[in-house]
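The values are calculated or read from the model by the stated rules, or taken from the named source; none is laboratory data. Please read these numbers as outputs of a predicted model, since none were measured by experiment. For neighbour counting, all protein chains shown are included, and Cβ atoms are generated from backbone atoms with ideal geometry for every residue, glycine included. For accessibility, only protein heavy atoms count, side chains too; no ligands or nucleic acids. Shrake-Rupley method; radii C 1.70, N 1.55, O 1.52, S 1.80 Å.
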Amino acid sequence: MTLKRAFLWSWIGGLVAFAIVIMLSLPLMLTEVPGGISDHQSAGTAAEIDRIQAAWDAAALYGQARIAMIGDLVFIGIYGVGCILGGRWFMQSPKQRVRLLGTTTLAAGAIFLVADYVETISQFVQLVQRAGDDGLAGLAATVRPIKMAAWLASFFVILAALLLDRNSSRTA
């Protein structure tokens, strides 16, 4: 499989996985936690994590939260690897701007991968333990904006690189 094909399969596969995770998370928003997983990510304190998890438990959605977070862990890996592969592929372009976007994509993908795994693992540990932890909740809330910025950067930089590179005849 070529680098380009591996990049496209994992990046697009990551976007599909992201859509699935959103669908898995939707029932969690039907409780008194309107932001669902997003509220859990940004909670910041053990007390807020406990409140959110109690609401999910009361609505019989605790298992759904677990499934959504496992799906998130899968998405992170697929999408993050796709970004890194995309960055490597774009860095081989004969076009200087595309190579620069490739470097940016690779960096944003790596930052996303690390930050989102830190955030989601911190969340998942609290969910499995059925108890909030101030340290883990604070860590998840701290890395969340970094993860969001890296995800947005990786997504839009890849789109820009694909547009700039569309006329290139190189192979990888």
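Which ones in the stretch 129-139 are out of contact with any Gly (no Cβ under 8 Å at 6 or more places or on another chain) and more than 16 Å from ILE111 (Cβ to Cβ)? Walk me through it before giving the result.
Going residue by residue through the stretch 129-139, those that are out of contact with any Gly (no Cβ under 8 Å at 6 or more places or on another chain) are 129-136, 139.
Of everything in the stretch 129-139, those that are out of contact with any Gly (no Cβ under 8 Å at 6 or more places or on another chain) and more than 16 Å from ILE111 (Cβ to Cβ) turn out to be GLN129, ARG130, ALA131, GLY132, ASP133, ASP134, GLY135, LEU136.
Scan (1) under 30 Å from ASP57 (Cβ atoms); (2) more than 11 Å from the chain's Cα centre (by Cα); (3) among the acidic types (Asp, Glu) for the single condition ASP165 breaks and write down its number.
With respect to (1) under 30 Å from ASP57 (Cβ atoms); (2) more than 11 Å from the chain's Cα centre (by Cα); (3) among the acidic types (Asp, Glu), ASP165 is out only on (1).
Only one of (1) open to solvent by less than 60 Å² (accessible area, probe 1.4 Å); (2) at pLDDT below 95 fails for ASN167. Which number is that?
Status for ASN167: all satisfied but (1).
Against the condition among the small types (Gly, Ala, Ser), surrounded by 14 or more Cβ atoms within 10 Å (Cβ to Cβ), without any contact (Cβ under 8 Å) to a residue 24 or more places away in the chain and under 24 Å from VAL21 (Cβ atoms), how does SER154 come out, does it pass? Before the answer, list the steps.
Details: among the small types (Gly, Ala, Ser): yes; surrounded by 14 or more Cβ atoms within 10 Å (Cβ to Cβ): yes; without any contact (Cβ under 8 Å) to a residue 24 or more places away in the chain: no; under 24 Å from VAL21 (Cβ atoms): yes.
Taking the combined requirement at face value, the residue does not satisfy it.
Quick check on this structure: which one of ALA131, ALA140, ALA108 is surrounded by 18 or more Cβ atoms within 10 Å (Cβ to Cβ) and more than 30 Å from LEU8 (Cβ to Cβ)? Even if it seems obvious, please write down each step before you answer.
Details: ALA131 fails: surrounded by 18 or more Cβ atoms within 10 Å (Cβ to Cβ); ALA108 fails: more than 30 Å from LEU8 (Cβ to Cβ).
The unique qualifying residue is ALA140.
All but one of (1) over 16 Å from the mean Cα position of the chain (by Cα); (2) under 24 Å from ALA149 (Cβ atoms) hold for VAL74, so report the exception by its number.
VAL74 satisfies every listed condition except (1).
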